[in-house]
Amino acid sequence: MITSRNITNHLKEYKCTVCKMELTNTEEGSLTFLTPELKEVNEALVHFYQKKLVAKQH
């Protein structure tokens with residue numbers, strides 16, 4: 001299992017190097033399968049988190 005993408009400091013996407021299965025963190029901190037709906041949620045979180053970081057720097 002490798003980390004394929006960091007969404008925020010606490011949320012990450014993972015990918016199995018053997019079977020290519022994708023997982024992500026849930027709100028509770030456990031892992032769940034990465035569904036298309038969760039991919040959209042993670043993408044929205046990435047944009048929100050990046051905006052927040054940029055606003056913090058200015």
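Just so it is clear, none of the values below were taken in a lab; they were calculated from the coordinates. Given the structure is predicted, the values throughout are model-derived calculations rather than measurements. So basically every Cβ, Gly included, is an ideal-geometry build from the backbone, and we count neighbours across all protein chains shown.
Numerical summary
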{"quantity": "Within region 1-21, tally of residues that are in contact with a Cys (Cβ under 9 Å, 6 or more places away or on another chain) and either closer than 25 Å to residue 52 by Cβ or among the hydroxyl-bearing types (Ser, Thr, Tyr) (or both)", "calculated": "0"}
{"quantity": "Search result, residues across region 15-46 that are assigned to a helix (DSSP H, G or I) and surrounded by 10 or more Cβ atoms within 10 Å (Cβ to Cβ)", "calculated": "38, 39, 40, 41, 42, 43, 44, 45, 46"}
